[in-house]
Structure formats: structure tokens, C-alpha cells
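To keep things clear, I will list the structure first and then write my remarks on it.
The values are calculated or read from the model by the stated rules, or taken from the named source; none is laboratory data. These numbers come from a predicted model, not from an experiment. Virtual Cβ from ideal backbone geometry, glycine too; neighbours counted across all protein chains shown. We work out accessible area using only protein heavy atoms, side chains counted, and drop any ligands, DNA or RNA first. Shrake-Rupley method; radii C 1.70, N 1.55, O 1.52, S 1.80 Å.
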Amino acid sequence: MATQHIDTLIIGAGQAGLSTGYQLRRRGRECLIVDGNSRLGDNWRMHYDSLRVFTPAKVSGLAGLPFPAAPNSYPTKDELGQYLEQYAIQFDLPVRLNTRIDSLTFDGTRYLAGYDGETITADNVVVATGPYGRLPNIPDFAKDLDPAIRQLHSGDYKRPGQMQPGPVLVVGASHSGADIAYEIAAEHPTILVGRDPGQFPAPLESWRGRHLFPVVLFAFKHVLTRRTPIGRKVRAEMMAHHGGPMLRVQRQDLAARKVERHVERVTGIADGKPALADGTVLDVTNIVWATGFRHDYSWLKLPVFDDHGWPIEYRGVVEHQPGLYFCGLFFQFAFSSSMIPGAGRDAEFIAQQIARRRVAVPA
């Protein structure tokens with residue numbers, strides 16, 4: 001078993017992981033960033049074809065490298081993937097791809113990260129595997145639906161051409177569900193179900209939306225935080241119900257494409273078809289489950305989770321497990337934490353904590 005020792009191991013090479021690496025290198029601290037993908041930026045490239053970032057290019061860059069696009073344009077998913085790749089090259093960040101950590105333990109002195117029969121030891125570990133996880137969150141009863149109904153999770157949805165003829169049900173009405181329903185409705189009768197999560201105050205790319213965005217972003221970064229009563233309230237609400245507000249696609253856009261809207265949840269099956277909580281049975285030939293993802297932390301063999309499986313941390317610092325940090329979590333410090341404009345601040349805070357930490361060297 002080969003063993004390599006590193007001061008700080010960063011698990012995940014998305015915007016949070018790369019930002020943390022950049023901040024540590026600025027402070028003269030050694031680090032290694034590992035990622036299971038074969039190419040940097042692939043976590044963005046795997047999304048549906050039409051996805052564009054919800055923040056304009058002028059605030060979509062990471063520290064030290066502005067995003068190379070017109071300030072008010074909205075980058076595509078592939079452009080963002082390319083940007084992350086360029087970011088790592090620009091700052092010569094130590095990234096090792098095709099390295100998926102399958103266990104993380106602590107021996108009382110240092111952390112042991114296992115992968116492919118090998119081990120990396122580290123004084124500090126930053127888990128930067130993303131805010132929402134990668135395991136599709138699909139209800140158990142979905143397996144009992146009529147097999148003639150084509151089912152896809154939003155993580156596997158790419159374009160409307162994947163749908164078979166007939167009506168489409170999109171389950172989950174936050175920003176991704178609204179985007180997908182709007183796109184599919186151009187070609188198929190479409191039904192969107194799920195609670196109304198609210199929406200951006202104006203169309204995102206309208207004149208009014210462009211002028212409102214800086215105000216909203218300020219609130220996301222500085223008002224809706226874990227330090228303020230309103231921030232804690234919003235965090236608790238979103239942790240309970242999941243899903244953020246509709247952004248690019250809004251209620252009027254869905255109505256214009258004649259998307260049938262229900263706020264009731266899909267709770268079961270009737271005669272092989274999806275049934276809502278109010279008893280409505282939906283006769284569809286396709287279902288897209290825009291129901292989010294969940295984390296798989298089964299590889300993290302440490303007592304650092306609450307009863308719901310969420311890390312016990314504040315601003316990414318796990319107080320009772322010195323040397324362990326998270327970065328890029330949902331609402332890690334503020335509403336903006338899972339957005340590109342929020343990644344840098346959280347990464348800088350984590351890097352500061354690591355830089356201040358001194359590890360005793362065993363005699």
C-alpha cells in the first residue's frame with residue numbers, strides 16, 4: 001500500500017475546492033486537490049445542455065481570475081467547466097484527477113484517505129464535494145410505476161429529445177425543475193408539480209432584473225447568513241423543503257408555454273400512474289424527477305454528522321474533529337455559499353483556519 005503525506009488534502013475540485021487550494025497556496029501552505037472525474041469542470045459539463053449559470057460573468061469568477069466573458073452575459077455550463085480548468089492551470093494548483101476517495105478515517109494523529117488500495121495521509125482535510133450531493137433523490141414508489149413510463153432524474157436529463165411521445169411530468173418546481181419544464185413544454189404537453197418556492201423579483205436578464213441583481217446578491221451574501229435571525233430562518237426552511245426560488249424561468253414563462261401547474265406533491269401511484277396528494281392521477285408517458293440530490297458520506301468514517309446525516313459544522317469548521325473542514329456546503333455561511341460568488345469567501349475563511357492551526361509532530 002503506497003502512502004503519501006500532505007499538509008492539507010482537499011477532496012473535490014469544483015469551485016469550492018479550487019478556491020480553497022488557491023487560498024492555501026497564497027498562504028504558503030502545501031495542499032493536494034483530488035477529484036474522481038477524469039477532467040476538471042466535468043461536474044458542470046454533465047448538466048443538461050441548455051443550462052447557463054444564474055449569475056452574470058462579472059461575478060462568476062474566482063479570486064485572482066475574472067471570468068473571460070462580457071460582464072452581463074451568463075456563461076454556459078461548458079464555459080464554466082472550461083473556466084475551472086483554466087483556473088487550475090493559471091495558478092498551477094496541484095490537482096490529481098481520477099482519484100475517488102472511498103474512505104476517510106482518523107488515527108488520533110492524522111487523517112487517512114483511502115482510494116484504489118492506496119492511502120494519502122494528511123494533517124488537515126477539506127471536504128469540498130459540492131453543496132447538494134450526487135445521489136439522485138427519487139421516491140421509492142417510483143419503481144412501481146407503469147414500466148411504459150420513461151423516467152429520468154434531472155441529473156440524467158440532457159434535452160427534450162430524450163422524451164418519448166406524449167405528456168411529460170416534471171416533479172420539483174425549483175429553478176432546475178422550472179427550467180426543464182419550460183424547455184420540454186416547447187415540444188410536449190408538460191405538467192409541473194411541487195410547492196411554489198418563490199421566484200426572483202424580475203426576469204433575470206431583463207433591464208429590471210440586471211439592476212435588481214446586485215441588491216439581491218448583497219442580501220444573499222450579507223443579510224441571509226447564519227449570524228442573522230432572518231438568515232437562520234431561511235436556512236431552516238430551505239433545509240426542510242430543499243430547492244431554491246425560480247430564477248431564469250418564472251411563473252409567467254411557464255404559463256406562456258401552457259405548462260399545467262400543481263402545487264401538490266406526488267405521493268403515490270394509482271393504476272401505475274403518478275398520483276398527487278389531493279388524489280389527482282396524472283396520465284403521462286414521461287417523468288423527469290427534478291427532486292434534487294443527496295449526499296453519500298458513507299466513505300467518511302468519522303462521528304461528525306447529525307441525526308439527519310448533515311455535517312455538524314459552523315462555517316465549515318468541525319470543532320470536535322480538529323483538522324476536518326467542509327467547503328461549498330449549502331448555506332455554509334450564507335445563502336450565497338452554494339453559488340459561485342459565495343465560494344471564495346468561504347474558501348478564504350477555511351484557509352485562514354488551516355493556516356492558524358499548528359499540528360504537533362509525533363516524537
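Miscellaneous remarks
- Of the candidates D146, D123, the single residue that is of a type in the set (D, E), modelled with pLDDT of 95 or more and closer than 30 Å to G108 by Cα is D123.
- Condition met for Y297 (at pLDDT 95 or above and aromatic (F, W, Y)): no
- Restricting segment 253-291 to residues that are of a type in the set (D, E, K, R) and loosely packed, with under 13 Cβ neighbours inside 10 Å, the residue that is farthest from S206 (Cα to Cα): D271
- Any hit, segment 313-330, residues being more than 24 Å from P136 (Cβ to Cβ) and of a type in the set (S, T, N, Q): yes
- The residues of segment 297-309 that are in contact (Cβ under 8 Å) with a residue 12 or more places away in the chain and either in contact with a Lys or Arg (Cβ under 7 Å, 6 or more places away or on another chain) or open to solvent by less than 70 Å² (accessible area, probe 1.4 Å) (or both), listed by number, are Y297, W299, L300, L302, V304, G309.
- Test: residue in segment 167-187 that is closer than 30 Å to I6 by Cβ, out of contact with any Lys or Arg (no Cβ under 6 Å at 6 or more places or on another chain) and modelled with pLDDT under 95: no
- Criterion: in contact (Cβ under 8 Å) with a residue 12 or more places away in the chain, over 22 Å from the mean Cα position of the chain (by Cα) and in a helix (DSSP H, G or I) - qualifying residue of L24, L80, L84, L18: L24
- Subset tally (residues that are assigned to a loop (DSSP other than H, G, I, E, B) and under 21 Å from T76 (Cα atoms)) for segment 167-180: 1
- Residues satisfying the stated conditions in segment 181-223, i.e. in contact (Cβ under 8 Å) with a residue 60 or more places away in the chain, open to solvent by less than 60 Å² (accessible area, probe 1.4 Å) and not in a helix (DSSP H, G or I): A185, H188, T190, I191, L192, V193, G194, L204
- Of the residues making up segment 12-38, those that are touching a helix residue (DSSP H, G or I) at 6+ places or on another chain (Cβ under 8 Å), farther than 16 Å from R356 by Cβ and open to solvent by 10 Å² or more (accessible area, probe 1.4 Å) are G14, Q15, A16, Y22, D35, N37.
- The residues listed here are G108, G114, G41; of these, the one that is out of contact with any helix residue (DSSP H, G or I) (no Cβ under 9 Å at 6 or more places or on another chain), within 22 Å of G21 (Cβ to Cβ) and free of Cβ contacts under 8 Å to residues at least 60 places away in the same chain is G114.
- Residue that is nearest to Q321 (Cα to Cα) [pool: residues in segment 87-115 that are among the hydrophobic types (A, V, I, L, M, F, W, C), under 21 Å from the mean Cα position of the chain (by Cα) and open to solvent by 40 Å² or more (accessible area, probe 1.4 Å)]: V95
- Failed criterion for A173 (all others in (1) under 20 Å from T55 (Cβ atoms); (2) touching a Leu at 6+ places or on another chain (Cβ under 6 Å) hold): (1)
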